[in-house]
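Structure first, commentary second.
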Amino acid sequence: MAVITLKINGKDVTAHEGQTLLEAARDANLPIPTLCHLHGLSDVAACRLCIVEVVGTPRLLAACVTRVADGMEVSTNTERLQEYRRMIVELLFAEGNHFCAVCLANGNCELQNLGAAVGMDHSRYEYLYPKRSVDITHERFGVDHNRCVLCSRCVRVCDEVEGAHTWDIAGRGGKARVIADMNKPWGDASSCTTCGKCVQACPTGAIFRLGATVAEMQKDSSRLELIVTAREKRQWVR
Amino acid sequence: MGKIRFASVWLGGCSGCHMSFLDLDEWLIDLAELVEVVYSPIADAKVFPSNVDVTLIEGAVCNEDNLEVLHTIRERSRLLVSFGDCAVTGNVPAMRNPLGDVDPILQVVYVEAADAQGQYPVESGVVPPLLPRVRPVHECVRVDAFISGCPPSADRIKAALEAIVAGETPHLTGSQLKAG
C-alpha cells in the first residue's frame, strides 16, 4: 500500500493510499468533529461537521469522504470552520425539537456534546418547532422523530452490519424522516430482526429502548465496532 | 466603587435555576459584599427598578406579562443574562410549541384533564393570556450572555457571576456550555 504524505494544520502526516482525511487526521491525533460518521459504516457526508479547508480548493470538503493525496495541505480548525460548525449545530437544534433536559439521552447524546464542543451558547436561528411524531409500536424500541437529525446511521447500520435494511429516509427537506419497511409502523416492519443496532448507532435520543426514562438511555457504539472488526479482521477484540 | 445593582427574574420556568443559585452556599455571603439585590423572587421588591447593572432571567417567554416585563427589564438593565435552558432555548415550556396554537393546549390541560369544573383560566387583568408560541429570551430582546443548563450547576453560575463582579461579560466555554 503506497504511503502518502500530506500536511494537516501545518504538521507533516503520513497516511495510506485510499484513507480519508478524517482517518488520517484522527491517526495523527488531530480530532475533527463528526456526527453522521460511525466507525465501521460507510460515510455519506450528511452532517457536514467534518468540513476542512484544502489549499487549492475554494470549496470546503467533507473529510469523511475526501481521500488523502500526496502534498495535500489541509486545515481542520480555522476560525471560518469553527464558525460554520457552530452554525451547523445551531441549525440542527433549531430544525428539530430537542429538549435536552427531558430527553432520555440527556448526558449521553452526541448532539448535546457537539453543542458544547463547537461553543454554542444559544441558537442564533429561530426554532422551528416542527410537528413530528413518535412511533412506539415496536415491542422493544421506539423512534421519536422530534429528536432525529437525519444522520442516517440507523439506515446504514441496519443495511451494512445487520443486513436487514429495515430503515430508509423518506421525504425531502424539512419533511424528511426515517421510515421502516417502506413507511410502516416500526412494529409492523417484518424485516426488523429486533437486533437493536440502530438503537446503539443513533447519536441522539431519537431511537431508544422502551422503558428508558430521562437520562437513562446510555448508548455504546463500540459494540458495533466489535462486530465490524470481527467481520473484517476475523478477530473478536475491542 | 458602589455595589453592583443586581436583579434576577423568574419568567416561565420552574424556579429550579434560582434554587441552583441558592446552591452557591457560602459564596453567596461573598457575593453579598459585592452586589446589592435590587429585585428578585427571593427579595421583596414589587417593581423592577431603574438603572440595574445586571439581570439574570430564568424562564422562557410564555405569556403577555412575561413579554411586557421583559421589555421593561431590558430597558432598565445594562447587562442581561439568559439564566438556564428555558431562557436560552425555551426548553420545557416550549414543548407546547409543536402542538400548535394555544387553544388545543388549554383544552387538553384545563378541560379534558380537569377532575371537576373544567374551564379555561380567564380573568382579565389578572391571568395573562398565553402567547401563541413560547420563545427563548433572545428571540424577544437583545441578550448579552447565556448560562445554559437545566438547571445550571452552582459552579457554572459562579463562573458567570465571577466574570460579572469583575466587570466583564461572562463567556462560558467547553463543558460549561452543555444544555440539559
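Laboratory data are not the source of any read-out in this text; all were calculated from the coordinates shown. All values derive from a computational prediction rather than experimental measurement. Please note: Cβ atoms are built from the backbone with ideal geometry, for glycine as well, and neighbour counts cover all protein chains shown.
Points to keep in mind about this one:
- For region B:61-142, the spread of Cα coordinates along the three principal axes comes to 47, 27, 18 Å, biggest extent given first.
- 20 °C / 1.002 mPa s Stokes-Einstein diffusion coefficient of region A:12-102, Kirkwood radius on C-alpha pairs, µm²/s: 152 µm²/s
- When the Cα positions of B:Val108, A:Met1, A:Ser222 are compared along the charge dipole of the protein assembly as shown, A:Met1 comes out farthest toward the positive end, with charges on each C-beta of Lys, Arg, Asp and Glu.
- Förster radius 30 Å - calculated FRET efficiency between B:Asp144 and B:Ile42, Cβ distance, rounded to 0.05: 0.85
- Difference of contour (0.36 nm per residue) and Cα-Cα distance, A:His39 to A:Asp27: 3.0 nm
- Interatomic Cα distance distribution for region A:98-193, bins of 10 angstrom, percent: 13, 42, 33, 11, 0
- Exposed GluC sites (Glu not before Pro) absent - longest run of chain B, DSSP non-H/G/I/E/B, at most 14 other C-beta within 10 Å: B:27-122
- FRET E, pair B:Asn51, A:Lys131, Förster distance 56 Å, beta-carbon r, rounded to 0.05: 0.80
- At R0 = 51 Å, FRET efficiency that the Cβ-Cβ distance of B:Gln117 and A:Asn183 yields, to 0.05: 0.70
- The lysines whose alpha-carbon is closer than 20 Å to the alpha-carbon of B:Lys3, local same-chain residues fewer than 8 away aside, are B:Lys158.
- Distance histogram for region B:1-41 (every C-alpha pair counted, 10 angstrom bins, percent rounded to whole numbers): 27, 52, 20, 1
- Exposed loop positions in chain B were taken to be trypsin sites (Lys or Arg not before Pro) whose DSSP state is not H, G, I, E or B and which have at most 10 other beta-carbon atoms within 10 angstrom. Between these positions, the longest stretch is B:47-141.
- Amide N of region B:54-75 lying under 18 Å from the label point, which is placed 7 angstrom from the Cα of B:Ile105 along Cα→Cβ: B:58-70
- Amide N of region B:65-85 lying under 20 Å from the label point, which is placed 7 angstrom from the Cα of B:Ser124 along Cα→Cβ: B:65-66, B:68
- Within chain B, percent of DSSP bridges classed antiparallel, to nearest 5: 15 percent
- Rounded to the nearest whole angstrom, the semi-axes of the ellipsoid equivalent to chain A, taken from the Cα gyration tensor as √(5λ), stand at 31, 23, 15, largest first.
- As an equivalent ellipsoid, region B:26-168 spans semi-axes of 32, 17, 15 angstrom, where each value is the square root of five times an eigenvalue of the C-alpha gyration tensor, largest first.
- Dimensionless Rg/Rh of the protein assembly as shown - Kirkwood Rh, Rg from C-alpha atoms: 1.02
- Straight Cα distances below 22 angstrom link A:Lys131 to the lysines A:Lys175, A:Lys184, with same-chain residues fewer than 8 positions distant left out.
- Note on region A:139-237: Cα-Cα pairs beyond 24 Å make up 21% of the total pair count.
- Charge dipole of region A:130-216 about the Cα centre (unit charges at C-beta), most positive-ward option of A:Asn183, A:Thr204, A:Ala164: A:Thr204
- Cβ-placed point charges (K, R +1; D, E -1), dipole of the protein assembly as shown about Cα centre in debye, nearest 20: 1140 debye
- Of all DSSP beta bridges confined to the protein assembly as shown, the antiparallel ones make up roughly 55%.
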